[in-house]
Structures are given as structure tokens and as C-alpha cells.
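Working notes, structure below.
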Amino acid sequence: MSVVVPSLMRQAGRFTACLATVVVLGTACKGTPATSTSVLSATLSATDVAWAELMIPMNEQALRLMALIPERTSSTELRDLAGKLAPAHRTELERLRELLSGQPATNPHEGHDMPGMMTAAKLRQVEALEGRAFERAAVDGLRAHLEQSSQVCAGEVSAGAHPKAVALAAQMRKARGDALRAAPFSP
């Protein structure tokens, strides 16, 4: 317990800092057009762009975790969950990339370590596990991703400017809430 509590406190601190950044960006940048050559992305605010740029690597990394699950677990519930989440996340990625068409190809949020982000290092740790330990790590990683990305989407819903970006964020937030309520988060 003494190891878990400081870890949770650090996680909560990073989460609070990330959420504060989204809120500050939203407050400071709402309605500020991003520089772009695309008609759609030219009308995105800086908050819209930052949200989409953050969600892309979050979804990409979560998909890497989901890809491990079918072959590494005997849990039907966990395999079913990954089987439902993965196609939805791929569709979200397409829509997020469409929003950012015309933006620079580099993503300043790629590789960030933040709550809910399945980093390459965390993924290697999960890959090294087997059996129940793998299942627990996979469930924890999915839960963290769903919870954090829901919070990031909430920031876009409240502070975003472009109707398509805000609508996508609302859909993603609802999908994450539905998954959290229905998922087997205690393997």
C-alpha cells in the first residue's frame, strides 16, 4: 500500500497538470484559428488542434496494447473488450487525422508520458508479462487510457471551437464512458 499511494498521488498530479493545460489552452485559445492550408483545419482553434494532436498518439498507443490482448489472454471478456474498442479507435484515428489534414505532419504530443498514455516503455513492460499479471496490466492500461482520454475529450467539448471537433470529442467521450461502465475492469 505504501508504494501504491505515492504512485497514485504522482499520477493524480500529472493528470491534474494535463487537465489544467487543456483548460488553459481552451480558455486562452478558444476561437483562435490554427495556421493551415486545409479549409477545415484553417477553421480549427488552437485548442481543437492540440486536442486532436494529443488524441492521435493516445489512440495509436492504446491500439498497440489492444493488439496484444487476443493472443495473450484467456479472458473472453478482455478479448471481447479489445475487439470492440480497436475498430472504434481506428475509426476515431481516421476522423482525427481528417480534422488535421493540412496541418504539419509532425505531432508535438507524440511520445509524451502522461496519465492514460501507453508509452513505448509501458508497452514493453506489459509485453514482458504473462497470465494474470498481463491481464491486470492490460486492464489497468485500458482503464487509464479510457479515463484520461475521456477527460481530454471533456476539455475539448467545453473549450473547443470547431463544431466537427467538438462533436467528435463528445462522441469519443460518450464511447469511453460506455466502455468503462460495461468493461471487465477487475480481472
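The values are calculated or read from the model by the stated rules, or taken from the named source; none is laboratory data. Remember, predicted model here, so these are calculated numbers, not experimental data. Backbone-built Cβ (ideal geometry, glycine too); neighbour counts: all protein chains shown.
One table, with the values for the structure above:
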{"read-out": "Enumeration of residues in segment 60-78 that are assigned to a helix (DSSP H, G or I), among the polar types (S, T, N, Q) and free of Cβ contacts under 8 Å to residues at least 24 places away in the same chain", "value": "76"}
{"read-out": "Count of segment 67-108 residues which are farther than 18 Å from residue 181 by Cα and of a type in the set (A, V, I, L, M, F, W, C)", "value": "8"}
{"read-out": "One residue from 72, 132 being over 29 Å from residue 49 (Cα atoms) and exposed (fewer than 14 other Cβ atoms within 10 Å of the Cβ)", "value": "132"}
{"read-out": "Residues of segment 137-159 that turn out to be crowded, with 17+ Cβ neighbours inside 10 Å and either farther than 26 Å from residue 49 by Cβ or small (Gly, Ala, Ser) (or both), as a count", "value": "11"}
{"read-out": "Filter result (touching a Leu at 6+ places or on another chain (Cβ under 9 Å), in a helix (DSSP H, G or I) and either closer than 18 Å to residue 146 by Cα or among the hydrophobic types (A, V, I, L, M, F, W, C) (or both)) within segment 41-59", "value": "46, 49, 50, 51, 52, 53, 55, 56, 59"}
{"read-out": "In segment 88-123, the residues that are assigned to a helix (DSSP H, G or I), closer than 16 Å to residue 65 by Cβ and at pLDDT below 95", "value": "120, 121, 122, 123"}
{"read-out": "Residue check, residue 53 modelled with pLDDT of 95 or more and surrounded by 15 or more Cβ atoms within 10 Å (Cβ to Cβ)", "value": "no"}
{"read-out": "Residues satisfying the stated conditions in segment 160-187, i.e. buried (at least 24 other Cβ atoms within 10 Å of the Cβ) and more than 18 Å from residue 94 (Cβ to Cβ)", "value": "160"}
